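Before any comments, here is the structure.
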Amino acid sequence: MAMEYYEAVGRRKTATARVRLYPSGEGNVVVNDRPMREYFCRAVDVQRVQSPLQKTATESRFNISIKVTGGGMTGQADAAKLGIARALVEADPDFRTVLSRSGLLTRDAREKERKKPGLKRARKAPQYTKR
């Protein structure tokens, strides 16, 4: 019996994306039950989400359902990108070399640093006054 869908999780900063790839689709991408171009208004974010599909030439091979939570728009787009790349590798392991060479399988581990006591922000110290 063939798999109904391929599932993967992508994360970036505080955003998490749960991605499902449905084979034999027409290339529809739905984010939080809305069309992708309606959810991600900026063209840069749409491009970012589609980059794993473009690298593997699979734009019209799968229908994709994405559930994103947390973070901002760019973080969510990056989380969705990683989730799609991981799901593509699950669907076809031959895609691993293409995607990893493009850096699409690498989790961006940068997070916001916490504010420390005695400082204004994470690292910014109060201004020194001599007199």
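The values are calculated or read from the model by the stated rules, or taken from the named source; none is laboratory data. Everything quoted here is computed from the prediction, not taken from an experiment. Positions of Cβ are generated from backbone atoms using ideal geometry, with glycine treated the same way; all protein chains shown enter the neighbour counts.
So, of the residues in segment 20-50 that are in a loop (DSSP other than H, G, I, E, B) and among the acidic types (Asp, Glu), which turns out to be modelled with the lowest pLDDT? Out of the qualifying residues, it is GLU26.
Quick check on segment 108-123: of everything there that is basic (Lys, Arg) and without any contact (Cβ under 8 Å) to a residue 24 or more places away in the chain, which residue is farthest from LEU21 (Cα to Cα)? Ranking the qualifying residues of segment 108-123, first place goes to LYS120. Criterion applied to LEU105, LEU99, LEU88, LEU82 was being part of a loop (DSSP other than H, G, I, E, B) and either out of contact with any strand residue (DSSP E or B) (no Cβ under 9 Å at 6 or more places or on another chain) or touching a residue at least 24 places away in the same chain (Cβ under 8 Å) (or both), and the one residue passing it is LEU105.
Applying the set (1) in contact (Cβ under 8 Å) with a residue 12 or more places away in the chain; (2) out of contact with any helix residue (DSSP H, G or I) (no Cβ under 6 Å at 6 or more places or on another chain); (3) under 13 Å from TYR6 (Cβ atoms) to PRO93 leaves exactly one unmet item: (1).
Before we move on, is ALA17 of a type in the set (Gly, Ala, Ser) and assigned to a loop (DSSP other than H, G, I, E, B)? No; evaluated as a whole, the condition is false for this residue.
Just need a number here: residues in segment 91-124 that are loosely packed, with under 13 Cβ neighbours inside 10 Å and small (Gly, Ala, Ser). Total meeting the criteria: 4. Residues that are without any contact (Cβ under 8 Å) to a residue 12 or more places away in the chain and assigned to a loop (DSSP other than H, G, I, E, B) within segment 52-78 comprise just one, ALA57.
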